[in-house]
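Everything below concerns the one structure shown next.
Values quoted throughout were computed directly from the atomic coordinates according to the rules given, and no laboratory measurement underlies them. Please read these numbers as outputs of a predicted model, since none were measured by experiment. Backbone-built Cβ (ideal geometry, glycine too); neighbour counts: all protein chains shown.
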Amino acid sequence: GVDNYGSGGVNRMEGGVGFRLTDRLYVGYAMSALIASIERENVVFFSSSNYVPVSYSERVKGIGYGQRLGAYYQVPPKREGGNGFSAGASLTLPTTIRADRSLTGYKTVGALVQQIDLEPDESRKTGDLRTPFEINGGFAYSFGGTLYLSAEFLHQKWGEARYSFDREHEDSFVDRSRVGLGVQYHPFRRVTREAFFHNIKYSAGVSFDDGHLLLNGDRVRTLGAHVGFGLLTRRSTSSVDIVFRAGLRGDTDNDLVREAIWGVGISLNLAELMFIRPKFQ
């Protein structure tokens, strides 16, 4: 039997600036550090005691620097309670992470267990992880400040991504697209908030992701849906948000696996109160 397990990935630390060009148009730029830290453990064991189990570890570490550009445009309501429109888009440029890889195991030499290097080829100890080019966009339309409709689109050029340490895995990369539709309803903006159900923000949405992997000739697609509730505080629009998610990923054709996805999330939305100057000092 074979056991494979691992942890880690690529984390992004980002900082940026934004500029208001006009009353309706905003632009932004951000730089980021992409830190790769991936660890995998593999254990091979046998039913017969005549064979000794074999274990080895793979570690990939590296860092790269990325850039993101964005723009946001809004058409505010002409009057209080009117309709409004906003749209935004961002471009994330590809980033190449120069990474180091180690492959080690343990071997009994005499009476001692020693760690040994299982990768004698020095050229395979360094390689590139190249993240895909990404374009992300969306728009929202508000009706009277109470009903909000939104749509979003994501496209990533995974066909141009690279993972030097596993060419077979790299060959399964394909371009990815994702679309989503959502709706929110804020009844507290229309009526008094004394009633319990008028103190709740409601949201729902669906999404479809055709995936970035092509396995056995089939894409690993994901279909998801969510329903959310926001419990408002008494003195502001800050809220405690609860969301329920469900979905399906993959297919059972060609010896693949279909996954059922579910989850519950909770978050605290401070409604940006710390950025608003009080009217009275």
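The table for this structure:
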| item | result |
| --- | --- |
| For the chain, calculated [θ]222 nm from helices alone, where every DSSP H run of n ≥ 4 adds -39500 (n - 2.57) | 0 deg cm²/dmol |
| The stretch 127-261: mean projected area of Cα convex hull, nm² | 10.7 nm² |
| Cα-based reach from K157 at 28 Å (exclusive), listing lysines while leaving out same-chain residues under 8 positions away | K61, K125 |
| Volume per residue that the Cα convex hull of the chain spans, once the total is divided by residue count, Å³ | 218 Å³ |
| Peptides ranked, highest mean first, by Cβ atoms within 10 Å: ranges 6-13, 63-70 | 63-70, 6-13 |
| Value in Å of the Kirkwood radius, where the stretch 6-101 supplies the Cα pairs that are averaged | 17.7 Å |
| Highest to lowest packing among 203-209, 164-170, scored as the average C-beta count within 10 Å | 203-209, 164-170 |
| GNM top mover of G263, G127, G88 - the chain, alpha-carbon springs below 10 Å | G263 |
| Hull-based mean projected area of the stretch 36-168, where the convex hull spans the alpha carbons, in square nanometres | 14.2 nm² |
| Relative contact order, percent, the stretch 15-106 [alpha-carbon distance under 8 Å, six or more residues apart] | 29 percent |
